[in-house]
Amino acid sequence: MDSFGQPRPEDNQSVVRRMQKKYWKTKQVFIKATGKKEDEHLVASDAELDAKLEVFHSVQETCTELLKIIEKYQLRLN
């Protein structure tokens with residue numbers, strides 16, 4: 001957290017990265033347990049998830065930058 005109590009981007013990214021790692025590990029365990037290979041629907045679903053996470057990262061980064069700009073602006077006003 002920064003001095004204003006806002007989460008730092010690296011804090012949020014680590015949460016997302018942990019979620020991604022947990023998803024991929026769970027998926028691999030499931031594939032091994034069921035003995036099934038990935039089908040084309042799973043691959044397409046994974047690509048869609050990756051695209052959504054990429055958009056999430058972009059929005060998150062933009063919001064973080066906006067917060068920094070707002071903080072600088074507030075400091076200049078004071």
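Read-outs throughout are calculated quantities, based only on the coordinates presented, and are distinct from any laboratory measurement. Computed from a prediction, not measured in an experiment: that's the story for all the values here. With ideal geometry, Cβ positions are generated from the backbone for all residues, glycine too; neighbour counts draw on all protein chains shown.
With each label point set 7 Å from Cα along the Cα-Cβ vector, what nm distance links Lys21 and Leu77?
Distance between the two pseudo-spin positions: 4.0 nm.
Calculate, in nm to one decimal, what Ala47 and Ser14 gain on full extension: separation in residues at 0.36 nm each, minus their alpha carbon distance.
The span from Ala47 to Ser14 would gain 9.8 nm if fully extended.
Measuring from label point to label point, each 7 Å out along Cα→Cβ, what is the Val55 to Ile70 span in nm?
2.3
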